[in-house]
Amino acid sequence: MSVRASVRLARGAFDLDAELAVQAGTTVAVLGPNGAGKSTLLRALAGLERIDQGRIEIDGRIVDDGDSVFVQPRARNVGLVFQDYALFGHLTVLENVAFGPRARGEGRQRSRQVAHEVLARLGIDHLADRRPSQVSGGQAQRVALARALATGPSLLLMDEPLAALDAETRTSVRIELQRQLAEYPGCAVLVTHDPLDAMLLADRIVVLESGAIAQEGTPGDLARRPATPYVAALMGVNLLSGTAVGGELALDGGGTLRIADQGLQGRALAVIRPEAITISLHEPQGSARNAWQGRVTAVELLHDRVRVHIEGRPGVIAAVTPAAIADLRIDAGTAVWLSVKAVEIDAYPHPAR
Amino acid sequence: MSRPRRARAPWFLAVPGAVALAFLLIPLIALLAQAPWASLGGIVTSEAARSALLLSLVTSLSATAFAALVGVPLAWLLAREVLPWTGLLRALVLVPLLLPPVVAGVALLAALGRRGLVGQVLSDAFGIQFPFTTAGVVIAEAFVSMPFLIITMEGGFRSLSQRYEEAAATLGASAWTVFRRITMPMVGPSLIAGLVLCWARALGEFGATITFAGSFPGVTQTMPLAVYAALETDRSVAIALSVVLLAVSVSVLVALRGRYLRAQAS
């Protein structure tokens, strides 16, 4: 079982042009900002949108080739979990889940039996006789998942599966979803704008920006070596681009960084974790190979640390403890010195796309 | 739970509001006050009244059934904007609603009359004639009442998110199954409201019916026509029949209203 898709379609504001491959038993997260084309990609896989060009292959069967071949959603063997779940309000939870098997020709008794089994697997069989309006948000999410799983789909699609939940419910539902995805033998694709959901639920992440794939890799790949400012911002690291020559990186935005890798040549990206940057009020005399001046533009408190936005060459975000801010009396407008060790800078060739 | 305190109404709303209420209720009260209660039973169970009432029920229910059969699908087509020029079509569908009923009757004669656009073909080829028949009454009633069902149902379909139908499709349901098991049940309250409006309009139809089908007792003389006819001979009979019509309308509306409210609450 596998899914391979090459999707091209024009949708007014943007052109979606993306490739996607999912192996059986794995989950791919499509991560991107709102309006990047994530949901359109999902709808194309489900057969709710036709592609203009390309090819969608599920289980070795071509279901859309942008031309003569188009398999209707009902014949694709996919399960789709909508962002707002789209549970049928006039049916009970059990009838919602039994709807798929019934529509695919199973008998009434058998369909209800299958529905009970799936509900039990998700630990919500006690809700069977309730209406969707009588269950909580987290429960509704599980019902929607149960309904999608009840037909035994080869491809499970989830559109922002956790977006409608509050923070507390979200964590418990995410853990449950992790467990379900681990057991699910088919291919799963989930669309999200939350990097945490993507990193915790998916084996691979595809980053979609303005209809095109900006980066693709494991959650670790993205965290360590983001390819675009969007991904870097999601991962909370500083990303700088420039040209590397003999252990120095001449930055596109001005300024130069000394890097540990002497052999790196040509277009390159450099990642600096905010924690790796030291802020001083006077020129530092330490061992750090990089030191430059800047000015604080904003200070934001995040739980146990403070993110300090600094303009300079280069401009960066540094993370320090609240105590350090108090001692140094740093606020917007403060002139500061920044320093970072060359070994703390991860520089790598620019992944040309 | 305590009832919220009633807001005090400003006089410039309270006074005209009271006038409107009186204006709407006084004729109904007058009808009941002047009804010949002593002879009511006799008048209502008379052969003429019974046949008019039966004819009214049969024709208005037939017209409503016909409207549901073809009007609901049209409402869906309009709501999903699958037809070209949906905006124009929607406006055209509403014309019979605004048309003076007499004009509707004349238009039906022009279309289905013996020398009408379609009527001539039907008459020549199959010997089918609608004017001055019971079927003609059904046609006249359906023509003026179907728009009520269409606009109500279109609103219902339109406010139903397409995601439910999409969800059902990905679960393997055919278009027919989606429509029958998802779309229609989910617009149930709109359907009931639309059917009631449509039926009430058909039951009260007068102008188009008398123009297109005439007023023949037992064949095309429905209750409103019978009331009008009685007015010229015996005023008390007209009032008695009117009270019956009022009772039928009110009782069915009350009965359906309870169901409609329950359907909305769930």
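Below are the figures for this structure:
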{"item": "Karplus 3J(HN,Hα) series, Hz, for the range A:322-331 with 6.51 cos²θ - 1.76 cosθ + 1.60 (x for Gly, Pro)", "result": "x, 4, 5, 4, 5, 5, 7, 6, 8, 8"}
{"item": "Average other protein chain Cβ within 10 Å of Cβ, residues A:143-156", "result": "1"}
{"item": "Formal net charge of residues neighbouring B:Leu55 (Cβ-Cβ distance under 14 Å; K, R +1; D, E -1)", "result": "-2"}
{"item": "Helix runs (DSSP H) in chain B reaching 20 Å along axis by Cα, Kyte-Doolittle at least 1.0", "result": "B:11-34, B:47-79, B:134-159, B:188-203, B:235-265"}
{"item": "DSSP beta bridge pairing in the protein assembly as shown, given as percent antiparallel to the nearest 5", "result": "75 percent"}
{"item": "A:Gln83 long-range amide H proximity, modeled H, under 5 Å", "result": "A:Asp159"}
{"item": "Contour minus Cα-Cα distance for A:Glu117 and A:Ala10 (0.36 nm per residue)", "result": "34.4 nm"}
{"item": "Protection proxy ranking, peptides A:200-208, B:184-192, A:216-224, average beta carbon neighbours within 10 Å, highest first", "result": "A:200-208, B:184-192, A:216-224"}
{"item": "From phi via Karplus (6.51, -1.76, 1.60), per-residue ³J(HN,Hα) for the range A:295-312 in Hz, x at Gly/Pro", "result": "9, 6, 9, 7, 10, 10, 8, 10, 6, 9, 9, 10, 8, 10, 8, 10, 9, x"}
{"item": "Karplus-derived HN-Hα couplings along the range A:13-26 (A = 6.51, B = -1.76, C = 1.60, θ = phi - 60°), whole Hz, x at Gly and Pro", "result": "5, 8, 9, 8, 9, 8, 10, 8, 9, 10, 8, 4, x, 10"}
{"item": "Interatomic Cα distance distribution for chain A, bins of 10 angstrom, percent", "result": "5, 21, 25, 20, 15, 9, 4, 0"}
{"item": "For the range A:254-296, the spread of Cα positions along each principal axis, largest first, Å", "result": "34, 22, 20"}
{"item": "Centroid-to-centroid separation of the range A:90-132 and the range A:250-288 [C-alpha atoms, Å]", "result": "58 Å"}
{"item": "Average other protein chain Cβ within 10 Å of Cβ, residues A:81-94", "result": "4"}
{"item": "Computed [θ] at 222 nm, helices only, for the protein assembly as shown once each DSSP H run of length n ≥ 4 contributes -39500 (n - 2.57)", "result": "-14500 deg cm²/dmol"}
{"item": "Difference of contour (0.36 nm per residue) and Cα-Cα distance, A:Tyr348 to A:Asn34", "result": "110.2 nm"}
{"item": "Hull-based mean projected area of the range B:110-266, where the convex hull spans the alpha carbons, in square nanometres", "result": "12.7 nm²"}
{"item": "Computed FRET value (nearest 0.05) for B:Leu88 with A:Ser210, which takes r as the C-beta separation and R₀ as 25 Å", "result": "0.10"}
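Here, each number is a calculation from the coordinates, and none is a lab measurement. None of the values given here were measured: they were computed from a predicted structure. All Cβ positions, glycine included, derive from the backbone under ideal geometry; neighbour counts span all protein chains shown.
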